[in-house]
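I have placed the structure first, in the form of structure tokens, so that the comments after it can refer back to it.
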Ligand SMILES: NC(=O)c1ccc[n+]([C@@H]2O[C@H](COP(=O)([O-])OP(=O)(O)OC[C@H]3O[C@@H](n4cnc5c(N)ncnc54)[C@H](OP(=O)(O)O)[C@@H]3O)[C@@H](O)[C@H]2O)c1
């Protein structure tokens with residue numbers, strides 16, 4: 001970020017002033033960037049206009065207003081729709097709309113064919129974290145290295161930045177991989193609360209136990225990475241697969257005793273059982289990743 005408080009800030013055009021777009025626009029306005037906004041429903045730009053943003057009458061006008069164009073819309077289809085009539089030649093387009101890796105790659109080719117440099121992005125934050133340097137919010141970026149190098153400081157205003165490579169699919173891939181891991185965690189948390197909720201155990205007393213246990217277990221991902229990189233799933237095993245599958249029986253029996261459906265647990269347990277049946281009982285559970293690989297011979 002520039003150290004000179006009176007140095008001119010890079011103008012930003014932002015398409016999409018939903019919850020996330022509004023938070024992003026506010027952060028750039030607060031840092032002194034000229035901001036032009038456009039939203040399909042114009043009423044959603046009124047508060048930003050009162051805070052100093054210029055409002056464009058159309059998406060094409062917003063694109064014309066600044067070289068750096070940031071898009072934060074609902075989904076990839078809305079990006080194509082909104083930018084259909086815009087002249088993207090010479091623009092630096094940054095797509096903060098959540099999508100799949102294939103959508104990121106296709107959108108990059110689409111933007112480049114229209115003369116723009118392109119970065120795809122995945123936001124690892126919720127709107128209240130945006131613009132708060134202490135919140136831990138960050139955004140994955142991938143695509144044009146030149147665009148990232150030139151606008152990295154401006155992109156770092158609302159949230160931290162992590163450039164993960166020239167492949168425009170990589171930002172979405174990192175984003176979705178982390179979200180997928182989170183979804184497994186939330187499934188586990190839901191099951192745990194289901195087990196205790198009809199007993200004389202206050203959820204608010206139980207929650208801190210969950211948080212510290214999950215925090216203590218999360219670093220096991222480092223060991224899993226070591227196993228994946230070496231390909232040796234039998235090295236320095238802490239809790240082997242056979243023991244974990246045996247333990248599953250206790251988890252399932254407890255669910256039954258508590259009259260709780262085990263539907264969130266059983267897919268993972270079945271996978272581990274299949275890997276055990278393939279003869280990997282002495283290894284770490286990470287090798288079961290093979291069973292998830294649909295390209296496996
Ligand atoms: N909110 C979060 O916690 C969060 C966290 C990480 C990532 N994100 C991502 O950020 C993006 C925006 O999320 P949000 O929270 O701002 O959602 P939101 O509040 O629902 O806003 C959606 C935005 O997309 C616009 N839109 C929808 N369909 C459109 C179309 N066909 N053409 C033009 N504009 C269209 C909406 O315009 P109208 O006002 O006219 O409906 C609005 O500006 C999403 O991709 C989301 O996954 C959000």
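Checking each residue in the range 35-55 for being in a loop (DSSP other than H, G, I, E, B) and either under 11 Å from residue 25 (Cβ atoms) or away from the ligand (no atom under 13 Å from the Cβ) (or both) picks out 39, 51, 52, 53.
Considering 186, 206, which residue is more than 26 Å from residue 140 (Cα to Cα) and at pLDDT 95 or above? Break it down stepwise before answering.
On the way: 186 fails: more than 26 Å from residue 140 (Cα to Cα).
None of the others qualify; the one that does is 206.
Of the set (1) under 24 Å from the mean Cα position of the chain (by Cα); (2) crowded, with 20+ Cβ neighbours inside 10 Å, all apply to residue 19 but (2). Before we move on, is residue 24 within 13 Å of the ligand (Cβ to nearest atom), assigned by TED's automatic domain parsing to the domain that holds residue 123 and part of a helix (DSSP H, G or I)? Criteria met by residue 24.
Residues in the range 65-74 include none that are under 18 Å from residue 107 (Cβ atoms), in a loop (DSSP other than H, G, I, E, B) and more than 8 Å from the ligand (Cβ to nearest atom).
Within the range 134-161, restricting attention to residues that are more than 16 Å from the ligand (Cβ to nearest atom) and crowded, with 23+ Cβ neighbours inside 10 Å, the residue that is farthest from residue 66 (Cα to Cα) is 143.
Among the numbered conditions (1) more than 12 Å from the ligand (Cβ to nearest atom); (2) under 24 Å from residue 39 (Cβ atoms); (3) not in a loop (DSSP other than H, G, I, E, B), the only one that residue 88 does not meet is (3). Quick one: is residue 131 on the phi > 0 side of the Ramachandran plot and crowded, with 16+ Cβ neighbours inside 10 Å? When the stated conditions are applied, residue 131 passes them.
The values are calculated or read from the model by the stated rules, or taken from the named source; none is laboratory data. The structure presented is a predicted model; accordingly, all values stated were derived computationally and were not measured. We place every Cβ from the backbone using ideal geometry, glycine too, and count neighbours over all the protein chains shown.
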